[in-house]
């Protein structure tokens, strides 16, 4: 079977609340340019639209986005709306609020709880939706997320949001949110070369409670918002060689092997990389390979 024939259902499924999604999804941030936000060359619009449509053709039914994913010429939400509306019935679009950028692209302070309704409505307008499937609150250093998450819970009760998640949280923040409303997913930074005992604990807690754990920058690693890393540990390289695939595909496969509740949202504006990313959902790593990658991960800490 070639990569072109492997679809997202090979990765398995998990539920975001009552919404089943394939475990390989798509992160929309890279659609706006060669790197995130204003850091790189603006994307080719038609190519970005084609990548989104191809992702859905390949069975991707979980797209991660945000209103603050825009560059000097491109908006991820607008691209999604143009490419995919009217939306397929099984497509789950997940967005996030909290961080804020003005129309010049400059970052402002994290949103106050009373500003979150405006941010939710901005996503609704851009996506052309009457409700949002899932909204994550992205924590930005707040000691407590109760007021912010409570504001989103009110919008959920009002019908603007179907499900809620949190991002960038420690175990205590997850517990705090669960006291207020159900949490269907946690988005934290997590990668094979970035060990963090706090995130390991959040991963474990999510598994125990049936909450999806959705790592971001799993492929980018230390490069983060600048794009996919070219620095790979020897263990990643050797396992990639053994499977005849790219290091990025091994990073995605390792991510999915961290538990049946783990979802991957690799992002790209490159149609060939999209096919490879989706195909990574079919890779099965053996115990020896996982142990080798785990050992190198521990040493990275």
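The values are calculated or read from the model by the stated rules, or taken from the named source; none is laboratory data. No experiment lies behind these values; they were computed from the predicted model shown. Glycine also receives a Cβ, built like all others from the backbone with ideal geometry; neighbour counts cover every protein chain displayed.
Evaluated against (1) surrounded by 16 or more Cβ atoms within 10 Å (Cβ to Cβ); (2) under 30 Å from residue 253 (Cβ atoms); (3) at pLDDT 95 or above; (4) in contact with a helix residue (DSSP H, G or I) (Cβ under 9 Å, 6 or more places away or on another chain), residue 74 falls short on exactly one condition, (3).
For segment 99-155, residues that are on the phi > 0 side of the Ramachandran plot and exposed (fewer than 14 other Cβ atoms within 10 Å of the Cβ) total 2. Whether any residue in segment 53-69 is out of contact with any helix residue (DSSP H, G or I) (no Cβ under 7 Å at 6 or more places or on another chain), surrounded by fewer than 19 Cβ atoms within 10 Å (Cβ to Cβ) and assigned to a helix (DSSP H, G or I) is what I want to check. For segment 53-69, residues out of contact with any helix residue (DSSP H, G or I) (no Cβ under 7 Å at 6 or more places or on another chain), surrounded by fewer than 19 Cβ atoms within 10 Å (Cβ to Cβ) and assigned to a helix (DSSP H, G or I): present. Residues in segment 25-45 that are modelled with pLDDT of 95 or more and farther than 18 Å from residue 126 by Cβ: 25 alone. Say whether the condition of being without any contact (Cβ under 8 Å) to a residue 12 or more places away in the chain and more than 20 Å from residue 267 (Cβ to Cβ) is met by at least one residue in segment 36-55. No, there is no match, as no residue in segment 36-55 is without any contact (Cβ under 8 Å) to a residue 12 or more places away in the chain and more than 20 Å from residue 267 (Cβ to Cβ). Just one of the listed residues (81, 77) is assigned to a helix (DSSP H, G or I) and within 16 Å of the chain's Cα centre (by Cα), and it is 77. Residues that are modelled with pLDDT of 95 or more and in contact with a strand residue (DSSP E or B) (Cβ under 6 Å, 6 or more places away or on another chain): does segment 271-278 have at least one? The answer is yes; a qualifying residue exists. Across segment 194-229, what is the number of residues that are at pLDDT 90 or above and in a loop (DSSP other than H, G, I, E, B)? The total comes to 5. Scanning segment 41-52 for residues that are crowded, with 18+ Cβ neighbours inside 10 Å and part of a loop (DSSP other than H, G, I, E, B) yields one hit, 43. The residue of segment 85-102 that is modelled with the lowest pLDDT, among those that are within 21 Å of residue 187 (Cβ to Cβ) and either in contact with a helix residue (DSSP H, G or I) (Cβ under 8 Å, 6 or more places away or on another chain) or in a helix (DSSP H, G or I) (or both), is 100.
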